[in-house]
1. Taking a quarter of the surface of the convex hull around the Cα atoms of the stretch 21-128, what do you get in nm²?
2. I'd like to check one number: the per residue accessible area of the chain, probe 1.4 Å, reported in Å² as a whole number.
3. Test of understanding: express the Cα radius of gyration of the stretch 102-164 as a ratio to 2.2 N^0.38 Å, with N the residue count.
4. Using 0.36 nm per residue, how much length does the chain from Arg141 to Ser121 gain when fully extended, once their Cα-Cα distance is taken away?
5. Taking 7 Å along the Cα-to-C-beta vector as the label spot, tell me the Leu131-Met24 distance in nanometres, rounded to one decimal.
6. Helix-derived [θ] at 222 nm for the chain: sum -39500 (n - 2.57) over DSSP H runs of at least 4, divide by residue count, nearest 500?
7. Ranked from the most accessible area to the least, with a 1.4 Å probe and all protein chains present, what is the order of Met41, Met80?
8. Can you pull the percent of the stretch 102-155's accessible area that's carbon plus sulfur, 1.4 Å probe, other chains left in place?
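The values are calculated or read from the model by the stated rules, or taken from the named source; none is laboratory data. This structure is a prediction, so every number in the text was calculated from the model and none was measured. So basically every Cβ, Gly included, is an ideal-geometry build from the backbone, and we count neighbours across all protein chains shown. Quick note on the areas: whole protein, heavy atoms, side chains included, nothing else; ligands and nucleic acids left out. Shrake-Rupley method; radii C 1.70, N 1.55, O 1.52, S 1.80 Å.
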Amino acid sequence: MAMRPRKTAAPNASGKGEAIAGLMLDVAQFFFRLRAVGKRMGFITGWGAGAFGFLRSLALLGPLTVPQIAEMRPTSRQRMQRLADELAAGGLVEFIDNPRHRRSKLVRLTPKGEAHYRELSARLVALASTLGRDLSEADIRRTVDIVRQLSNEVNRRLEVKPGR
């Protein structure tokens, strides 16, 4: 027999607060399901889940320093440095001289990294195209706006550096 969650209201919870809490829980559940799909589709590799985001940042913004990439994520510079080193060992990124700083190299995509990013992006769009068939594009874009707004509010409250 399937367990049915009991409906209990939090003390002093408003309808809006309960709705946002429900959204937060559903987004977390969706994230973990997407992560499982991502493992199967190759988005999450031995380099971890951050590799696609790292490549995406370079594809969208061009060459960046490791500290600049780390500032965009709630992670340490050291973790981003390890990821950059691993991606470089795999031939997906390379370190180049930084005209603004002698010691802090820029990281940029190699042609192999650009091709890999394009392939993963195409697979992501193909997967996304199979979801939300009953939703309008306007509904989806509004949902994206709402989730981003709430994410930015959480970032401000927790003083977490915003991503992307």
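1. The Cα convex hull of the stretch 21-128, projected and averaged over all directions, gives 7.6 nm².
2. That works out to 76 Å² for each residue.
3. The value comes to 1.62.
4. Value of the extension gain: 5.3 nm.
5. Label-label distance for Leu131 and Met24, simple model: 2.1 nm.
6. -20000 deg cm²/dmol
7. The ordering from most to least exposed comes out as Met41, Met80.
8. Of all accessible area on the stretch 102-155, carbon and sulfur atoms account for 54 percent.
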